[in-house]
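Asker: Input: one structure, supplied below.
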Amino acid sequence: MSQKKLCCINAQGEVQERVLARIQESEKNGESTVFVYNYSADELEREGFILFLRELTESVDISVFAGCYVSRLEDVKKVYYAGAKKVVLVRDALADESLIKQADTKFGEEAILVFDTTAQAVAYLSEEQSAEQVGIPECEVPFSTLKKGPDGLVPVIVQDYKTNEVLMLAYMNEEAYNCTIRTGTMTYYSRSRNELWMKGATSGHYQYVKALSVDCDNDTLLAKVKQIGAACHTGNRTCFYRDLIKTEWETEEASAILEKIYATVMDRKANPKEGSYTNYLFDKGIDKILKKCGEEATEIVIAAKNPDKSEVKYEIADFLYHVTVLMAECGLDWKDVFAELANRD
């Protein structure tokens, strides 16, 4: 497996779109981590950089080490919760040396890196930490052990690694299989063109491997990937966008249920309905909504002291409904919350 140095980018004075483009290019090149920093002491520039970090970590799947000037512990918290894998503290860019200990205590040593100067941080991360791996962990299953079809190919089912959505079906020969493992980018064998085909090489819609599994019969692979853009040549997210048979009954994930509730709440906000409790809350305003959230949270605490799980379930559902109303009032939705939670792995 090949090795690459960690990419270090000084974002101070740089156009954010340019920084983002450089990091996206690093991701396409198979790099697993970048270090982006802006140690300016200007408060407005620092806040703008932290907002950019949130946009950055939401738009790429590469691990981000981030550093900025720290005037208080809240700055470290904002950078970490913006999705940074590690917060890089520099003593030259600290308002107080005690902030290092506070950050270690609050977030743990595994989340913090400390250096004396920016130059030292860049030198260490780009040179000493050059062991960042490109590709996926070593695979101990050689292609020769897989059961192939008459054409020597193995089918590959491809899923989105976060949502489990089935994106496409393709085929691999031995060269495609080995190339996928070596580079970490999904590579197939095109039966129509009779040639090797790295997904995204011409369209930019790359697929980065997160997991590769084989079925019980050893004749089908399952790839979970980070999909860039659309998986289908038609421009659709998935190749399976045409329903042949679809019953009314469907299993819904928790996220889909919460989003459906949110859509109903937003509809009530846009189209008030007489007698609607949701509209009553909106009419009363933020103070009433906050009061109800507090009351429902207390109800959960009380219910949890009792052995009846159904009561706890009811109170949690009530609380989530009121929180949904609060989010709608504040201009947030569940996708924002899910993205924030995803950054806290």
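Asker: Among DSSP beta bridges whose residues both lie in the chain, state the antiparallel percentage, nearest 5.
Answerer: Looking only at bridges with both residues in the chain, the antiparallel portion is about 45 percent.
Asker: Related question: Within the chain, what is the longest stretch that has no trypsin sites (Lys or Arg not before Pro) placed in a DSSP loop and near at most 10 other beta-carbon atoms within 10 Å?
Answerer: Here the longest run is 1-192.
Asker: On to the next question. Running a GNM on the chain with Cα contacts under 10 Å, which residue among A66, A317, A328 ends up with the highest mean-square fluctuation?
Answerer: A317
Asker: Same structure again: Over the Cα atoms, compute the radius of gyration (one decimal) and Dmax (the largest Cα-Cα distance, rounded to a whole number) for the chain, in Å.
Answerer: 24.5, 70
Asker: Mind listing which GluC sites (Glu not before Pro) in the stretch 248-330 are in a DSSP loop and have 12 or fewer other Cβ atoms within 10 Å?
Answerer: Loop-located and lightly packed - E248, E250, E252, E253, E274.
Asker: Once the stretch 46-186 is represented by equal point scatterers at the alpha-carbon sites, with solvent omitted, what log10 I(q)/I(0) does the Debye formula produce at q = 0.11, 0.15, 0.17, 0.21 Å⁻¹?
Answerer: Scattering profile of the stretch 46-186, log10 relative to I(0): -0.61, -0.84, -0.96, -1.25.
Asker: Now for a different question. Roughly how compact is the stretch 166-292, stated as its Cα Rg over 2.2 N^0.38 Å to two decimals?
Answerer: Ratio of Rg to 2.2 N^0.38 Å for the stretch 166-292: 1.64.
Asker: Right, another one. Computed from the mean reciprocal separation of all distinct C-alpha pairs, what Kirkwood hydrodynamic radius does the stretch 253-307 have, in Å?
Answerer: Averaging 1/r across every pair of different Cα atoms and inverting gives 13.0 Å.
Asker: Once you charge only the Cβ atoms, +1 for Lys and Arg and -1 for Asp and Glu, what is the size of the charge dipole of the chain about its Cα centre, to the nearest 20 debye?
Answerer: 580
Asker: Another question, if that's okay. Tell me, what does the Kirkwood hydrodynamic radius of the stretch 32-73 come to in angstroms if you use every pair of distinct C-alpha atoms?
Answerer: Across the stretch 32-73, the inverse of the average 1/r is 10.8 Å.
Asker: Could you give me D for the stretch 209-269, from Stokes-Einstein at 4 °C and 1.567 mPa s, where the hydrodynamic radius is the Kirkwood radius over C-alpha pairs? Units µm² s⁻¹, please.
Answerer: Calculated translational D: 83 µm²/s.
Asker: Using heavy-atom solvent-accessible surface (probe 1.4 Å) with all chains present, what is the largest-first order of C330, C179, C239?
Answerer: Listed by decreasing accessible area, they come as C330, C239, C179.
Asker: A follow-up question, please. Quick one: Cα convex hull volume of the stretch 174-232, Å³ per residue?
Answerer: 96
Asker: What do you get for Rg/Rh of the stretch 26-101 when both radii come from the Cα atoms and Rh is the Kirkwood radius?
Answerer: 0.98
The values are calculated or read from the model by the stated rules, or taken from the named source; none is laboratory data. Remember, predicted model here, so these are calculated numbers, not experimental data. Please note: Cβ atoms are built from the backbone with ideal geometry, for glycine as well, and neighbour counts cover all protein chains shown. These area figures cover heavy atoms from the full protein model, side chains too; ligands, DNA and RNA do not enter into them. Shrake-Rupley method; radii C 1.70, N 1.55, O 1.52, S 1.80 Å.
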